[in-house]
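The values are calculated or read from the model by the stated rules, or taken from the named source; none is laboratory data. Keep in mind that what you see is a predicted model, and the values were worked out from it rather than measured. FYI the Cβ positions are ideal-geometry reconstructions off the backbone, even for glycines, and counts take in every protein chain you see.
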């Protein structure tokens with residue numbers, strides 16, 4: 001390489017650095033302290049400066065800053081010295097050094113370093129490079145370990161979720177069969193007649209409890225299928241107004257001391273899973289009634305809006321805590337949801353499952369406290385104008401939109417009509433269905449003999 005003008009700063013008692021470069025044919029101006037380096041840099045504008053750390057004058061980072069202020073074209077190489085105050089190579093590079101050499105660098109390494117920085121590179125001694133790369137190597141190793149640990153945790157979480165879903169599914173299937181038998185027997189015995197008022201009341205309570213448990217089991221099965229990604233909606237044409245009426249009528253019977261203000265248009269055609277939407281409405285109306293005071297009003301509304309079909313439930317209770325809602329939405333069986341769905345015996349399924357079902361419809365469910373007290377739970381599902389004609393053909397003519405449908409008395413009819421001898425009961429398992437049919441047949445025979453006698 002062509003001879004260059006250099007400034008070499010070394011201790012007064014040493015001259016090895018300046019000798020190496022002078023013998024290589026370079027013009028060398030020697031300095032023994034940092035202030036002299038700054039003076040020579042200002043006057044000579046050298047192509048490179050070699051500074052041995054530990055000489056008098058400004059600290060290395062300050063010296064680098066001042067040289068850079070003179071000219072950014074001057075290349076500066078720092079040579080470490082174990083006798084000086086330790087300055088890390090990283091700090092020197094951040095301050096603007098173009099190279100960092102160890103104290104035991106030989107003449108060949110020094111000449112190679114000069115060639116490298118003049119060519120525009122950054123020069124490091126092997127030992128310095130190892131020191132700089134060690135933190136990066138450790139960080140890369142930690143990152144790999146964290147990635148492996150995260151992958152293991154994700155796999156364990158997935159296995160745990162799958163195990164939980166399988167457990168819920170198995171338990172629910174095991175519960176479904178005995179519940180079907182209990183419910184079927186209570187229906188058969190109740191229809192048979194001849195029971196005292198006390199026994200009839202007990203049978204009614206038994207059937208109601210079996211219905212409630214059956215609904216819980218169905219929710220557990222649905223949750224398990226949703227978590228496994230196997231749940232399928234049964235989408236068909238339906239009328240949201242009819243679903244709201246059915247859900248509110250069912251809920252109103254359980255809360256006679258709470259006023260239900262249902263505000264509905266004549267019809268809102270949609271394409272959705274009617275059973276699931278009805279269950280969602282029943283759940284959020286039940287929550288509103290459960291946490292309303294006696295004499296309070298729960299307002300249920302359904303309408304078609306710009307964003308889609310909106311169903312909302314406003315109550316006058318104490319209001320819902322946003323943190324409780326976040327816990328309920330985020331995870332099934334969350335502790336916060338025990339407050340919201342106490343009917344579920346602390347399972348915490350209500351809002352979480354409702355939100356999942358609405359999301360499967362492409363909609364959104366939200367819950368929030370109201371400024372004046374109480375809370376509002378609402379959901380919106382996408383409109384389906386294609387369902388309008390199909391629903392219009394099926395839907396009966398509706399009365400006044402504010403008018404609630406009158407309850408139907410199941411006892412009305414011909415008083416002389418004998419009780420039915422066959423009662424349709426659905427069961428999951430074939431042997432269970434056969435048992436119920438045998439029971440029906442025996443009861444019918446007993447009833448026939450009683451009539452003949």
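For residue 25, the stated conditions do not hold, so it cannot be described as surrounded by 15 or more Cβ atoms within 10 Å (Cβ to Cβ) and in a loop (DSSP other than H, G, I, E, B). Scanning segment 333-359 for residues that are at pLDDT 75 or above and either assigned to a strand (DSSP E or B) or crowded, with 16+ Cβ neighbours inside 10 Å (or both) turns up 351, 352, 353, 354, 355, 356, 357, 358. For segment 296-305, the condition of being in a helix (DSSP H, G or I) and either modelled with pLDDT under 90 or closer than 30 Å to residue 225 by Cα (or both) holds for none of the residues. Considering the conditions (1) touching a helix residue (DSSP H, G or I) at 6+ places or on another chain (Cβ under 7 Å); (2) buried (at least 17 other Cβ atoms within 10 Å of the Cβ); (3) over 21 Å from residue 102 (Cβ atoms), residue 40 is excluded by exactly one of them, (1).
So is residue 213 out of contact with any strand residue (DSSP E or B) (no Cβ under 6 Å at 6 or more places or on another chain) and either in a helix (DSSP H, G or I) or modelled with pLDDT of 90 or more (or both) or not? Against the criterion (out of contact with any strand residue (DSSP E or B) (no Cβ under 6 Å at 6 or more places or on another chain) and either in a helix (DSSP H, G or I) or modelled with pLDDT of 90 or more (or both)), residue 213 qualifies. Kindly indicate whether residue 319 is part of a loop (DSSP other than H, G, I, E, B) and at pLDDT below 90. Spelling it out, residue 319 is indeed part of a loop (DSSP other than H, G, I, E, B) and at pLDDT below 90.
Screening residue 297 on (1) within 34 Å of the chain's Cα centre (by Cα); (2) surrounded by fewer than 17 Cβ atoms within 10 Å (Cβ to Cβ); (3) outside the structural domain of residue 364 (by TED's automatic domain parsing) shows it passes everything except condition (3).
Looking at 204, 195, which one is surrounded by fewer than 18 Cβ atoms within 10 Å (Cβ to Cβ) and modelled with pLDDT under 75? Unique residue meeting the criteria: 195.
Here's the yes/no breakdown for (1) under 19 Å from residue 377 (Cβ atoms); (2) out of contact with any strand residue (DSSP E or B) (no Cβ under 6 Å at 6 or more places or on another chain); (3) assigned to a strand (DSSP E or B):
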{"residue": "254", "(1), (2), (3)": "yes, yes, no"}
{"residue": "260", "(1), (2), (3)": "yes, no, yes"}
{"residue": "275", "(1), (2), (3)": "no, yes, no"}
{"residue": "287", "(1), (2), (3)": "yes, yes, no"}
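Working only within segment 226-240, note down all residues that are assigned to a helix (DSSP H, G or I) and crowded, with 16+ Cβ neighbours inside 10 Å. If the condition is that a residue be assigned to a helix (DSSP H, G or I) and crowded, with 16+ Cβ neighbours inside 10 Å, then 226, 227, 240 are the ones that fit.
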